[in-house]
Each structure stands twice: as structure tokens, then as C-alpha cells.
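First up is the structure itself, then whatever we jot down about it.
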Amino acid sequence: MDKPMKAFVAGLLIGIAFELTMPALAIEVDTAAIASERNDGQWLSYGRSYSEQRFSPLAQVNNENVGRLGLEWSLDLPDARSLEATPLAVDGTLYFTTSWAVVYAVDGATGRVLWVFDPESRQLMAEKPERLRTAWSTHRGVAFWNGKVYVGTSDGRLIALGATTGKPIWSVQTFDVDSPRSITSAPRVFNGKVIIGHAGGDIGAIRGYVSAYDAETGHKVWRFHTVPGNPAEGFENEAMAAAAKTWTGNWWEFGGGGAVWNAITYDPFFNRIYIGTGNGQPWNRKIRSESGGDNLFTASIVALDADTGQYVWHYQVVPGDTWDFDAATDMVLADLNVNGSLKKVLMQASKNGFFYVIDRSNGKLLSAAAFGHQTWADHIDLATGRPVEVAGMRYEKGEALLWPGAAGAHSWQPMSYSPLTGLVYIPTLDLPFFYNDVGMKPASWRPETYVMSTGLNARDGDVPANAGKAALIAWDPLKQLPAWKVDLPGAWPAGTMVTQGHLVFSGNAAGHFAAFADDTGEKLWDFYAGRGIVAPPITYMVDGKQFISVLVDWSGSINFGGSLFAQHGWTYRGPGRRLLTFALDGKAVVPAGQNPPEEPMDVPSFKIDVAKEALGNQLYAHKCGMCHGADVRSGGGAPDLRASPVAADLNALKSVVQQGALSKFGMGAFPELNDDDLEAIYTHIRARARAALSEAKH
């Protein structure tokens, strides 16, 4: 019996173990149900409906009575280390994922756990601990269809579960288990098919694709690759042959990238799937496509026929991307009156800082404008649809500082749209990035598997607490102007939701969950959740009562730290990871819990070797910083190594890093690092811990 099958059987047993008596579902979840914008009491898909507007027609809680909103119940999730999911609400039951794609079914009225399904992804991946470096335990949710819950796992399986039991029905492996891919996003279901992509476009040589499977059997129906492969092996279709003309050099040796790691939207009107594709691999175009080129279909919105997966049209947000400005942010479908003509449009607030309105019928750009601080392009030429770039921003001479940075002006955290106000509510980030490839030799560069491979130089250093900021912006897509803006604490915002009750709900990095007036941005209600929030909220109704739920956790927000993300004090082992659910006149209270600081440790007898510390700086930035934080300051996504007893003992550090001693807890192994490398990294950690203690004294 192979490993995925063993995990499938184990999951079946877990499903049986957690099975409780649940009533049969009264609602039929199919294409018509998910397409409906008037399904008042339900939240049936990742963006509530196929439009992904995240607009609820519920108004029991509204701008006049929101002050009465109180906590109804909470569910602690202490074993989770990343909470980013959008729960689904189906006939009074909530379905959501926590770390490593563990699925929960919970009574939406009481918070009683009905069943839990653990796909055991972490255990499977720990058998080859290097693979744990690709997943980071992040997961954003499930899909629902015809009595089944669908989840994509960190190790690449797509599994169908019985909605009332949590028992596995079928399982299929969606990619090679030894590839550096992982699934972090929620599947989508349409017309009896379930579609899933994958992440991994930063951590090895991958070629992106999406796959559609039969929702009843798991049989693969179609697959669409987002970038062309090796021409010597032929092309799968005309779209790939055409795309190959926009690449140069031996791009296929680097994989090409274009992972579909987040944005997938079904359009029932045109019977199309829209996918938002990721960056090229590596980020640096000088390496992957040495003589330039647009590199289709990276950083693009691509329309596919939903029945066949065949290419229909595309709009490339960033031709020849070299900044990690992928098009993976959520896409919202709506009907807008554009210049006196009703248009069926797709809207995206892209990572690159521009807001796009696109005609869904043909992919034509209708309008675009900067919604955030950006310095890489002067404007978008509406005649060609292409950005007019600012000279020097492609770090032609080896260096460039620009806004937004690789984290984007808007990332995966979902925006929402209200047909009542005509406004889009966007969680935004204002943070630059320094791109540097000085001394890089494109001809000899090769991607590393299971490690960040951007084609840029990496050096560790602090990200100051004032380096970036976040905001909630209400954007008018017709005027392409902001209607209002609310500054948020920190620099990493949470997803949004808007309701018929004229309320916009969103959390923030400082641990508050708030409601704002949809027309003015006035804060009407605020609740302290006890830990930072990045996940988007949902609302639903059970027995005539409206509930609002949100997952609370900062550690799932962003893995690189520095002072910018560590300033809120949320620690890796700190409390507060939970699901909070609110209703009018709720009287529950958040369970008490303190978040003790992680105090740096010194090893007084250890002497800092300057040369070793310099090497350790580079190695830490390349291998460790993405999880454990810039300047060895954790933002909560992983332990702060300055305060870790393991990192204070060189032999213990070697056993963990080289041999995978903590792989069962999700810590990946780095067997390619030799003893000299580990001693250098150890020296860097000790230097930063000692510096932090010195700063504290002064």
C-alpha cells in the first residue's frame, strides 16, 4: 500500500472516529445554488457565490444595531499554526480548514464540533523532511457540492469527504509527490467538476497548471498548463504553442512558473473559468527568459472553457514580470454600467498596485488606475492594455527600490463588493522591496528545490516597524478613485466582507475585529479578539438568527518577520487561535490567555566570528528567514530563534536542520547544509540575539 493510500485509509478511520449524529442536509448545493446571490442564510463557496463578491444579503445585523453585536460562541484551535480560511456555511453547519488542511465541521449555532478530518499531510511529508519546507501549513478552505466537502492537501491530494460524516469518499494525487508544489487554496466546484491549482512558483522548477476532476468520482476531466514546456516534447494545444513565442532561452529548465495558487472563479453566464496566474520562475526575468519576452501566461488572468479547459482569452497584468507581481489576487464578477453600457466585468485589485476592470466577454481592458502607492509604472495604456513602465525599475543595473514590494499592494486577503454602494472594499499594503541581482550570473544560475529560488541576492536585515502600513480602501470601480480610506495598524491587513446591512467587516494585525459603515468608513463597532487577524469573515443564518464568524490567528499571516511584523507581540506559541462567532446580544467572552514575549537568549561564552557571521547572514536569509523572520525576529509564523533553546545549542541545531529531528512538528530539514554552514547560521543567530539584548538594555 503506497503512502497516499495509507493516508487515505487513516483519514477514513479518523472520519469514523469523529462521526456524530448529524441530520441529513436539507439544501441541495449545485451550480444554481452557488450562483444565486439571494441565498440568504448560506455561504456556499469561497467567495459566498460564484461572483466572489463576498456580499451577503443578510441585514438582521445592520448599521443601526451593530452596537449590540456580541460574541455568541468561540472554538479554540490550539493545535493550529495558520488560520487563513474562509469557512463555508451550509444548512447551519460550518466547514473550514486549519493548518495542514485539517477539516472541521462545526454546528454553526453552538460551536459544537461535529467531526474532524486530518489528511495527515504533515506526517506524510515528514518522511522526506525537505518537503516540509514548501508548505508552511497554510490553508484557505474547502469547497462543497452535492453532499460532499472537497479539500486540497499540502502534499497535493484532492479529497472528497462525506459532509455529514467526514469520511473520505475518493482521493486523487494532483501532482508528483516529490515536486516542490503544495496546495494552499480552496477548490471551486461547478457543473459537477471540482478544480484545483497549486502553489510553489517560488521554491523550485515548476510548471503551473489547473486541473478539473469529476466531483463524484475524482476522475481527471481536463488540465490546463499556464506556461509552455520544452518545445522538443511538443505543445499540448495551440495556446501553449502561441505562448512559447513570448519566451526566450531555455525557459523550461527553470519550470517557467505561473502557479495558480489562489485565484479561481467560475462564471455561470459564459460558462467559463477564470484563473489568476502566478509569477515566472525565477522572479528575475534575466535568468528565466534571457532575451526578454512577455512570458505568457505568467502574471495573467486567463479565461478557459469550463467544460473542456480550452483557452478562450487572456489579459496579462504584468508582461515579462520580474518583481513577483503575479495576478493571484481574488477576482470579483459584477455587472457595471460603463459609459452608459451595461457590461459584465471582472475586477481585480492586483499585487502591482493597479485596479483593473475587464470585459468578461472578450478580455478587453475597460479601465485601470493605481489604487495604492506604486512607482514601477506611470500608467496603464488603455489602447494596448500594457503598463507604461518607469525607466530603471527592472533593476537593469543590478538594483532597484520600488513600491509595491513583492508582498503586493493587495495580496491574497479577499476584497469584497457591494452592489448597493457600487464600491469595492480592498485590504491594502504599502511596503517597498529592494531588488538586487548584482554579481548574479544568469547563465550558471539554477533553481534549488524546496527553497526560495528568486534569482535575486538575499541578505538578512531588520524590516523596521515603520517600513510599511496597511489600510482598508473603499474603491469606486467606475470613477477609479477611492471613496474613503481607513488606516489600519501594522502592515498586513485581513480579508473583508460587506452586507445588506450596510456594514463592512474586517480584522487587523493588532487583534481587533471591526465593522465600518459601507458608505463613509466610519467605525461602528469593534471587538478585541486577543490575537491578530488575517482571515476574511463570513455571515450566515440559523433558525432565523444571523451569525458572523471569523478565524483568528496572526501566525498564518506572513512568515517573514522583522520588527514590522513582530511589533504586535504575537508569538508562535502564544494563545488565541480560535474561531469567533457573533450575533446580536451575544454574551460570551473570549477565553483568557496571556501571550508571553519570547525573550532572546545569550550564550555568553560564545565569541562572534565576523567572517562566519557574514556568511551566516546570507545563508539565514536564503534558507531560514522566510519562516523565522528577517533579522531573526519572528512575526509569529515560526519560533523566534533568538529565544529558542534549540538554536542556542549548536549540536541540537544541527540535528534539527540537517537531520529533521523536529519534522513531526512540521520543521523541514536542510541536509544540503554542511557543518560549516550550520556554524555560520548559528553564529548569525547568536549575534542577532546578543544585539537584541543590548538594544533592550538601552
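Could you put 176, 462 in order, starting from the residue whose Cβ has the fewest other Cβ atoms within 10 Å?
176, 462
Can I get the semi-axes of region 106-201's equivalent ellipsoid? Compute them from the C-alpha gyration tensor as square roots of 5 times the eigenvalues, in angstrom, largest first.
24, 16, 12
If you take the beta carbon distance between residue 310 and residue 479 as r and set R0 to 41 Å, what does 1/(1 + (r/R0)^6) give as a FRET efficiency, to the nearest 0.05?
The formula returns an efficiency of 0.70 here.
Kirkwood Rh, Cα Rg: Rg to Rh for region 248-304?
Rg/Rh for region 248-304 comes to 1.09.
Which value in Å does the Kirkwood hydrodynamic radius of region 187-396 take, with 1/r averaged over all unlike C-alpha pairs and then inverted? Each step should come with its number before you reach the end.
Values: mean 1/r = 0.0578 Å⁻¹.
Evaluated over region 187-396, this radius sits at 17.3 Å.
So what are the ³J(HN,Hα) numbers for region 38-55, from phi and the Karplus equation (6.51, -1.76, 1.60; θ = phi - 60°), rounded to whole Hz, Gly and Pro as x?
Here the 3J(HN,Hα) series is 10, 6, 3, x, 10, 9, 8, 9, 3, x, 6, 10, 4, 5, 6, 6, 6, 9 Hz.
Helices from the chain with mean Kyte-Doolittle at least -1.0 and a Cα length along the axis of 30 Å or more, per DSSP H: which?
Passing helices, by number: 675-697.
Would you kindly work out the equivalent ellipsoid of the chain from its C-alpha gyration tensor and give its semi-axes, the square roots of five times the eigenvalues, largest first in whole Å?
35, 31, 27
At 7 Å along the Cα-to-beta-carbon direction for both residue 341 and residue 220, put a label point, then send me their distance in nm to one decimal.
It is 4.1 nm.
Quick one: what does P(r) look like for region 454-521 with 10 Å bins over all Cα pairs, in whole %?
Once binned at 10 Å, the Cα pair distances of region 454-521 give 17, 40, 24, 14, 4.
Go ahead and estimate [θ] at 222 nm for the chain from helices alone: -39,500 (n - 2.57) per DSSP H run with n ≥ 4, summed, over the residue count, rounded to 500. Write down the numbers at each step before the final one.
Numbers: 10 runs with 91 residues, N = 698.
About -3500 deg cm²/dmol.
Please state, as a whole number in µm²/s, the translational diffusion coefficient that the Stokes-Einstein equation yields for region 422-470 at 10 °C and 1.306 mPa s, with Rh defined as the Kirkwood radius across alpha carbon pairs.
Approximately 110 µm²/s, per Stokes-Einstein.
If you take the Cα Rg of region 539-613 and divide it by 2.2 N^0.38 Å, with N the number of residues, what do you get?
Working: Rg = 20.2 Å, N = 75, 2.2 N^0.38 = 11.3 Å.
Scaled against compact globular proteins, the figure is 1.78.
Starting with the fewest neighbours, write out 601, 347 ranked by other beta-carbon atoms found within 10 Å of each beta-carbon.
Working: 601 19, 347 24.
Least to most surrounded, the residues fall as 601, 347.
Neighbouring Cβ atoms within 10 Å as the yardstick, rank 351, 697 fewest first. Before the final figure, lay out the partial values.
Working: 351 31, 697 5.
Placing the least packed residue first, the sequence is 697, 351.
Per residue and in cubic angstrom, what volume does the convex hull of the Cα atoms of region 288-391 have?
Measuring per residue, one finds 120 Å³ for the Cα hull of region 288-391.
Over the chain, what relative contact order in percent results from Cα pairs under 8 Å that are six or more residues apart?
For the chain, the relative contact order is 13 percent.
Report the normalised scattering of region 610-697 as log10 I(q)/I(0) at q = 0.21 Å⁻¹, calculated by the Debye formula with identical scatterers on the alpha carbons.
Summing over Cα pairs of region 610-697 leads to -1.01.
How far apart, in nm, are the 7 Å Cα→Cβ label points at residue 383 and residue 127?
With each label point 7 Å from Cα toward Cβ, the separation is 6.0 nm.
Report, to one decimal in Å, the Kirkwood hydrodynamic radius for region 519-651 based on all distinct Cα pairs. Can you show the working numbers first?
On the way: mean 1/r = 0.0570 Å⁻¹.
Kirkwood radius, region 519-651: 17.5 Å.
Starting from the coordinates of the alpha-carbon atoms of region 344-486, obtain the Kirkwood hydrodynamic radius over all distinct pairs and give the value in Å to one decimal.
After inverting the mean inverse Cα-Cα distance, the result is 17.1 Å.
To the nearest µm²/s, what D does Stokes-Einstein give for region 403-444 at 37 °C and 0.692 mPa s, using the Kirkwood radius over alpha carbon pairs as Rh?
Diffusion coefficient, whole number: 249 µm²/s.
What is region 610-697's relative contact order, in percent, from Cα pairs under 8 angstrom and six or more apart in sequence?
In percent, rounded to a whole number, it is 36.
Taking 8 Å as the Cα distance limit and 6 or more residues as the minimum spacing, I'd like the relative contact order of region 187-396 as a percentage.
14
Any read-out appearing in this document is the output of simple, stated calculations on the displayed coordinates, not a laboratory observation. Note that this is a predicted model, so its numbers are computed, not measured. Because the Cβ atoms are built from the backbone with ideal geometry, glycine has one as well, and the counts that use them run over all protein chains shown.
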